[in-house]
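Below you'll find the structure, written out as structure tokens, and then a few comments.
Throughout, read-outs are computed from the coordinates displayed, never taken from laboratory work. Source: prediction; values computed, not measured. A quick note on method: Cβ atoms are made from the backbone with ideal geometry, for glycine too, and the neighbour counts reach across all protein chains shown.
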Amino acid sequence: MRIESILLNSKGVVQKGKNAPKSAKDGAKGALPVYATFDIPDKTQISTITKALDELDKVEFLPNDLIYVKNLGANPPFKNGHEALEWIKQSRVQILYADFSNPKVHACLNYDPENGTMIFINSNYKDNCTHSDVLAISEAIFHECGHGKDFDSENSIQEELDCLSLNVLAHRFYKKKYPGVFDNKNSFLFSQGVSLYPKLFFSFQKTALKNRVADKYGYLQSGDNKHPATKLADDIKHIYNNATYV
Ligand SMILES: [Zn+2]
């Protein structure tokens, strides 16, 4: 299955390169712009993305996990993976691999009302196609769908928390569905991505979670119209304002 693209939004990403839309613009104030250069995926990559979407389609949030993340101060933008998949189809979102100027970016969403929404996955992962890779990529796609759902280019700490809760909830669902699937997965995609946030969200102390989100997203506003800041987002903004980040 090949998903054709349409909508879009640039939450902290600027594109360049041969296929970049002309209207690419800077992302949130204070963000280092990230450049993405993308190409048409090959058969293997399309197959990985297709498998990732098939897995995403079956994601259900574990009831206690959902209560937990809501109490913590995150509001998942979708009820389950199926809802995100429907959004992808209806919005005709295109999913592509891209080279990012910042190699630490796992994935990003580009919102462009003219050319359509695109979800880019870091091309460092383009040959990763084991089952755990497929699941990790589906989590990254889920996160970006959360950003895309509001059809704007505004971002906030709260919006990031809400989108992070999607991959956290999906990750815990996968761990239950496929016991051991993430064991000994220590590459960057896992250790600094899909396996990190579930650990931080669900650790008893929330200091590490707050510091991590402050470090990565603290430059953003606490909340926005569609994502009113919870105490958690305000706390993170406060940490950011009182810390010196280079
Ligand atoms: Zn995000």
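How many times 2.2 N^0.38 Å is the alpha carbon radius of gyration of region 91-221?
On the way: Rg = 14.6 Å, N = 131, 2.2 N^0.38 = 14.0 Å.
Normalised Rg, Cα atoms only: 1.04.
Could you tell me which residue out of Phe182, Thr44, Trp87 lies farthest along the dipole of the chain toward its positive end? Charges go on the beta carbon: Lys and Arg +1, Asp and Glu -1, centred on the Cα centre.
Of the listed residues, the answer is Phe182.
For the chain, set up a Gaussian network in which alpha carbons nearer than 10 Å are linked by springs, and say which option among Cys145, Cys129, Cys108 fluctuates the most.
Among Cys145, Cys129, Cys108, the largest mean-square fluctuation in the Gaussian network model of the chain belongs to Cys129.
Quick one: Kirkwood hydrodynamic radius for the chain, alpha-carbon pairs, angstrom, one decimal?
It works out to 17.9 Å.
For the chain, set up a GNM with springs between Cα atoms under 10 Å and report which of Ala229, Ala208, Ala74 has the largest fluctuation.
Looking only at Ala229, Ala208, Ala74, the biggest GNM fluctuation is shown by Ala208.
What ranking of Asp162, Asp152 emerges when the number of other C-beta atoms within 10 Å of each C-beta is taken as an exposure proxy, fewest first?
Asp152, Asp162
If I build a Gaussian network model for the chain, linking alpha-carbon pairs within less than 10 angstrom, which residue out of Glu86, Glu139, Glu154 has the largest mean-square fluctuation?
Among Glu86, Glu139, Glu154, the largest mean-square fluctuation in the Gaussian network model of the chain belongs to Glu86.
Looking only at region 13-241, where both bridge partners belong to it, what percent of the DSSP beta bridges are antiparallel (to the nearest 5)?
In region 13-241, approximately 55 percent of DSSP beta bridges are antiparallel ones.
Residue farthest toward the positive end of the dipole of the chain, with Cβ of Lys/Arg at +1 and Asp/Glu at -1: which of Tyr111, His131, Phe201?
Phe201
Would you mind getting me the FRET efficiency between Ile67 and Lys104? Use the beta-carbon distance for r and R0 = 35 Å, nearest 0.05.
On the way: r = 32 Å, r/R0 = 0.91.
Efficiency at R0 = 35 Å is approximately 0.65.
Treating cross-link reach as a plain straight distance, find the aspartates and glutamates whose alpha-carbon is under 14 Å from the alpha-carbon of Lys237, omitting any fewer than eight places away in the same chain.
Leaving aside aspartates and glutamates fewer than 8 places away in the same chain, those within reach of Lys237 are Glu159, Glu160, Asp215, Asp224.
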